[in-house]
1. Scanning for something part of a strand (DSSP E or B) and closer than 21 Å to LEU27 by Cα, does region 84-96 turn up at least one residue?
2. Could you please find all residues in region 162-185 being surrounded by fewer than 15 Cβ atoms within 10 Å (Cβ to Cβ), touching a helix residue (DSSP H, G or I) at 6+ places or on another chain (Cβ under 7 Å) and of a type in the set (Ser, Thr, Tyr)?
3. Select from region 110-157 the residues that are in contact with a helix residue (DSSP H, G or I) (Cβ under 8 Å, 6 or more places away or on another chain) and in a strand (DSSP E or B) and write down the one among them that is farthest from TYR169 (Cα to Cα).
4. When you look at GLU108, is it of a type outside the set (Val, Ile, Thr), modelled with pLDDT of 95 or more, more than 24 Å from LEU151 (Cα to Cα) and not assigned by TED's automatic domain parsing to the domain that holds ILE152, yes or no?
5. Which one is surrounded by the most Cβ atoms within 10 Å (Cβ to Cβ) among residues in region 222-254 that are among the hydroxyl-bearing types (Ser, Thr, Tyr) and closer than 11 Å to ILE273 by Cβ?
6. Which one of LEU92, LEU159, LEU97, LEU136 is within 30 Å of GLN218 (Cα to Cα), surrounded by 12 or more Cβ atoms within 10 Å (Cβ to Cβ) and either modelled with pLDDT under 95 or touching a Lys or Arg at 6+ places or on another chain (Cβ under 8 Å) (or both)?
7. When region 73-109 is examined, which residues are found to be touching a helix residue (DSSP H, G or I) at 6+ places or on another chain (Cβ under 9 Å) and at positive phi?
Amino acid sequence: MIEIGKKCKLKVIKKVDFGVYLDGEDLGEILLPNRSMLSTFKEGDFLEVFLYLDSEDRLIASMQMPLAEVGDFAFLQVVSVSGAGAFLDWGLPKDLLVPFREQKRPLEEGKKYLIYIYIDETSQRIVATTKIERYLAENCDEFQRGDKVDLIIANKTDLGYSAIVNNKYLGVIYHSEIYKPLFIGNKHAGYILKVREDKKLDLTLLPIGYEKIEEGAQQILDYLLKKGGFIELNDESPAELINHYLGMSKKTFKKGVGNLYKQKLIELEPNGIRLKQNINN
């Protein structure tokens, strides 16, 4: 099905000086301008394109793909603010509008915000909103404990972080389940920790079955996060140095390092310990 604001494959039906026309079926012929072409092709070829409205509200195709499409949540930067609202860079020549009525609070140029992209029913234009809650399902019963899911970090809370699950639901990652820095808008792989009785989701960043990180290991992990992911301590470090920086015995330190290494959370280097940055990203 061909939809505005979505990727699709369309057939080239004729070439003109300023581009080519594609078969948009019920939508009619759709122009792919020369400036939006990324390769050469001939009549009859099928091209993957993105459909949107240009500055004059004409339906147009592009081989340049946006950072997100209609129905997606995304973390995008404001490039300008005008009387119509705030405009976001979403990877296309025409910036994405967030009307003032769709802003929880006034958006500021240069800052990034978590938004949802949709088609305005009145104007039929592709727009965005920061009022994302109304586009999230209130409850979910399709998951089981341990299911792998895609997460977008949505907001920091007193409990930890809220996250969008599979572009549809909202879940919570509690502080006790966080082992590395999280940032609003970042995407992570995650896992269902629990489907609560109210059908809300508790989440974790590690596969179910990983051992619980013991207290000493958690202390080392916290220190690694504080120091940017690397510390110049290892099994050969003097007990006094370990105690100075971590306030623990060398025996506890070695046990904690072993626990983190077993769970593949760290790498052991000749001059220290490094936190793995590619886990579940």
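1. Of all residues in region 84-96, those part of a strand (DSSP E or B) come to 85-89, 96.
Subset that is closer than 21 Å to LEU27 by Cα: none.
Scanning region 84-96 turns up no residue that is part of a strand (DSSP E or B) and closer than 21 Å to LEU27 by Cα.
2. Passing the criteria: none in range.
3. The selected residue is VAL127.
4. Details: of a type outside the set (Val, Ile, Thr): yes; modelled with pLDDT of 95 or more: yes; more than 24 Å from LEU151 (Cα to Cα): yes; not assigned by TED's automatic domain parsing to the domain that holds ILE152: yes.
Judged against the criteria, GLU108 is a match.
5. First, the residues of region 222-254 that are among the hydroxyl-bearing types (Ser, Thr, Tyr): 223, 237, 245, 249, 252.
Of the ones still in play, those that are also closer than 11 Å to ILE273 by Cβ are 223, 237.
Working: TYR223: 15, SER237: 18.
The extreme case among them is SER237.
6. Details: LEU92 fails: within 30 Å of GLN218 (Cα to Cα); LEU97 fails: within 30 Å of GLN218 (Cα to Cα); LEU136 fails: within 30 Å of GLN218 (Cα to Cα).
Result: LEU159 is the single residue among LEU92, LEU159, LEU97, LEU136 that is within 30 Å of GLN218 (Cα to Cα), surrounded by 12 or more Cβ atoms within 10 Å (Cβ to Cβ) and either modelled with pLDDT under 95 or touching a Lys or Arg at 6+ places or on another chain (Cβ under 8 Å) (or both).
7. Answer for region 73-109, where residues must be touching a helix residue (DSSP H, G or I) at 6+ places or on another chain (Cβ under 9 Å) and at positive phi: just GLY85.
The rows are residues; the columns are (1) under 21 Å from PHE183 (Cα atoms); (2) over 16 Å from the mean Cα position of the chain (by Cα); (3) of a type outside the set (A, V, I, L, M).
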{"position": "VAL81", "(1), (2), (3)": "no, yes, no"}
{"position": "GLY85", "(1), (2), (3)": "no, yes, yes"}
{"position": "GLY91", "(1), (2), (3)": "no, no, yes"}
{"position": "ASP95", "(1), (2), (3)": "no, yes, yes"}
{"position": "PRO99", "(1), (2), (3)": "no, yes, yes"}
{"position": "LYS104", "(1), (2), (3)": "yes, yes, yes"}
{"position": "ILE126", "(1), (2), (3)": "no, yes, no"}
{"position": "ASN139", "(1), (2), (3)": "no, yes, yes"}
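The values are calculated or read from the model by the stated rules, or taken from the named source; none is laboratory data. Everything quoted here is computed from the prediction, not taken from an experiment. With ideal geometry, Cβ positions are generated from the backbone for all residues, glycine too; neighbour counts draw on all protein chains shown.
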